[in-house]
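Peer 1: One structure, as structure tokens, below. Some questions next.
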Amino acid sequence: MRAEFQKPRGTQDVLPPMSQKMEHMRRIALDCAQRFGYFLVETPVFEQTPVFLRVGESTDIVQHERYSFTDSGGVNLTLRPEGTAAVARAYVENGMYNQPQPVRMCYYGPMFRRERPQALRYRQHTQFGAELYGSVLPEADAEVILLACAVVEEVGLADPVIRMNSIGCSICRPRYREALIRYYNQRQGELCQDCQSRLKSNPLRLLDCKIDVDIRENAPDIEEFWCEDCSSHYKQLVDLLSSTGRTVVRDPFLVRGLDYYTRTVFEISHPSMGSQAALFGGGRYDGLATTLDGPESTPAVGFGMGIERMLSAVEEKFTISSQMRIYVAHLPGFEGRSLVLAEQLRREGFAAESDLLGRSLKAQLRDAGRRSQVVVIIGGQEWDKGEISVKWLQDGVQTTIKREQLGDWLREKRENS
Ligand SMILES: [Zn+2]
Ligand SMILES: [Zn+2]
């Protein structure tokens, strides 16, 4: 195939059985969300570019990794790189701040970033996220984090660990920012290239650097700069989460990549992944909706979970309990009838298929072995006597039953399989 006909670099075709796992994952996430009262909001996959520019001016996504284009009408559009900004836009535009608060929402769908291609970094990836609007209380942060943990557990990773920090508010953060700049200025010569520019644009992200880890060890800790409200918010949140039996660890270097966060930032990890490897994260962003022309004070907290990353973390543990599949095989001369019987079974709610290639019985049975748990064989003298053969492929036992018993026999197999 010519290169120009191949899929774009950094993207993937999701084929079975992976597509089934993805679908299963979606169901788990949305079921969990629903249990917590978070309902699906579907925004367009593209937004007017200023929506994303406004909420993340100094972030990598906005600077380098944006898929932006001008359409034939001259409008500058961007494929959404993440869900939070789009949901915030929808919350404001639809006047959801006039609804009874809090408003609980979730989203699920493709996100786009022009990342450097590497393992598990796709330029189109799938994200599930939850957003809670309208509460400033630590209970709100707690609920969102508990939902995040519930999904992780439901997927098969028991006892996730919550790594958490508070990056303060507009009162206490500027003082911390200054202290941080003062500290890093003294060591400017030792900093990596990226940190040189972070020092000017987004100094909190200096703590995030994977290279300059030694330098940050002696950096001032934001805990000592928290104002009273930030301090009590953080402590109450830790208490709440601990009371539900969750494991919370403070990580003073956790600041998160997006610069719209206020107070709470968190990452969920799991012991099976190594202590530092985060599965995903989130936080509080009370000022976000306001930057998109929302009301003056619009508290919000949420998280975004990369689905491909989650799936790779659970790997074999993640099994899809698929429906029992039935293959209707036929003896010569019964081609059409196997299709009709398969359709009858499907109408009764079974998963059934029949041969479409005019194959011999032997070839049909071989095919059935690849894709089904049960084979129903029709034709020959049995058929004349009103009987059919059924074979349970797991133990290879074949029996003959009356045709009218077929439904009951299959139902019993399905319940016991
Ligand atoms: Zn504060
Ligand atoms: Zn660095």
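Peer 1: Evaluate region 282-292: report whether one residue or more is without any contact (Cβ under 8 Å) to a residue 12 or more places away in the chain and farther than 15 Å from Gly129 by Cβ.
Peer 2: Yes, the conditions are met somewhere in region 282-292.
Peer 1: Additional query: Tell me which residues, restricted to region 329-381, are under 24 Å from Pro16 (Cα atoms), hydrophobic (A, V, I, L, M, F, W, C) and not in a helix (DSSP H, G or I).
Peer 2: Of everything in region 329-381, those that are under 24 Å from Pro16 (Cα atoms), hydrophobic (A, V, I, L, M, F, W, C) and not in a helix (DSSP H, G or I) turn out to be Ala329, Phe350, Ala351, Ala352, Leu356, Leu357, Val374, Val375.
Peer 1: Here is a further query. With respect to Ser232, is the statement that it is exposed (fewer than 13 other Cβ atoms within 10 Å of the Cβ), within 16 Å of ligand 1 (Cβ to nearest atom), farther than 30 Å from Asp31 by Cβ and assigned by TED's automatic domain parsing to the domain that holds Leu254 true?
Peer 2: yes
Peer 1: Residues being in a helix (DSSP H, G or I) and surrounded by fewer than 20 Cβ atoms within 10 Å (Cβ to Cβ): count how many of those fall in region 145-201.
Peer 2: 24
Peer 1: Can you find, within region 178-208, the residue that is nearest to the chain's Cα centre (by Cα) among those that are under 25 Å from Arg163 (Cβ atoms) and within 16 Å of ligand 1 (Cβ to nearest atom)?
Peer 2: Filtering first and then ranking leaves Leu204.
Peer 1: Identify the single condition in (1) at pLDDT 90 or above; (2) in contact with a Leu (Cβ under 8 Å, 6 or more places away or on another chain) that Phe318 does not satisfy, given that it satisfies every other one.
Peer 2: (1)
Peer 1: Somewhere in region 209-221, is a residue more than 16 Å from ligand 1 (Cβ to nearest atom), under 20 Å from Pro102 (Cα atoms) and not in a strand (DSSP E or B)?
Peer 2: For region 209-221, residues more than 16 Å from ligand 1 (Cβ to nearest atom), under 20 Å from Pro102 (Cα atoms) and not in a strand (DSSP E or B): absent.
Peer 1: A further question on this structure: Within the bounds of region 28-47, is there any residue that is over 24 Å from Phe303 (Cβ atoms) and not aliphatic (A, V, I, L, M)?
Peer 2: There is no residue in region 28-47 that is over 24 Å from Phe303 (Cβ atoms) and not aliphatic (A, V, I, L, M).
Peer 1: Take Glu316 and decide whether it is farther than 21 Å from Ala130 by Cα, loosely packed, with under 14 Cβ neighbours inside 10 Å and more than 16 Å from ligand 1 (Cβ to nearest atom).
Peer 2: Against the criterion (farther than 21 Å from Ala130 by Cα, loosely packed, with under 14 Cβ neighbours inside 10 Å and more than 16 Å from ligand 1 (Cβ to nearest atom)), Glu316 qualifies.
Peer 1: Checking Pro16 against (1) under 18 Å from Thr319 (Cβ atoms); (2) surrounded by 14 or more Cβ atoms within 10 Å (Cβ to Cβ): exactly one of these is not met. Which one?
Peer 2: Of (1) under 18 Å from Thr319 (Cβ atoms); (2) surrounded by 14 or more Cβ atoms within 10 Å (Cβ to Cβ), only one is false for Pro16: (2).
Peer 1: Go through (1) in contact (Cβ under 8 Å) with a residue 60 or more places away in the chain; (2) outside any loop (DSSP other than H, G, I, E, B) and name the single condition Glu115 misses.
Peer 2: Tallying (1) in contact (Cβ under 8 Å) with a residue 60 or more places away in the chain; (2) outside any loop (DSSP other than H, G, I, E, B), Glu115 fails exactly one: (2).
Peer 1: Also: Among the numbered conditions (1) of a type in the set (Asp, Glu); (2) out of contact with any helix residue (DSSP H, G or I) (no Cβ under 7 Å at 6 or more places or on another chain); (3) in the same structural domain as Ser242 (by TED's automatic domain parsing); (4) within 16 Å of ligand 1 (Cβ to nearest atom), tell me where Asp159 comes up short.
Peer 2: Unmet for Asp159, out of (1) of a type in the set (Asp, Glu); (2) out of contact with any helix residue (DSSP H, G or I) (no Cβ under 7 Å at 6 or more places or on another chain); (3) in the same structural domain as Ser242 (by TED's automatic domain parsing); (4) within 16 Å of ligand 1 (Cβ to nearest atom): (4).
Peer 1: Could you please find all residues in region 12-64 being at pLDDT 95 or above, more than 20 Å from the chain's Cα centre (by Cα) and acidic (Asp, Glu)?
Peer 2: Glu47 - this is the single residue of region 12-64 that is at pLDDT 95 or above, more than 20 Å from the chain's Cα centre (by Cα) and acidic (Asp, Glu).
The values are calculated or read from the model by the stated rules, or taken from the named source; none is laboratory data. As the structure is a computational prediction, the values presented were derived from the model and not from experiment. For neighbour counting, all protein chains shown are included, and Cβ atoms are generated from backbone atoms with ideal geometry for every residue, glycine included.
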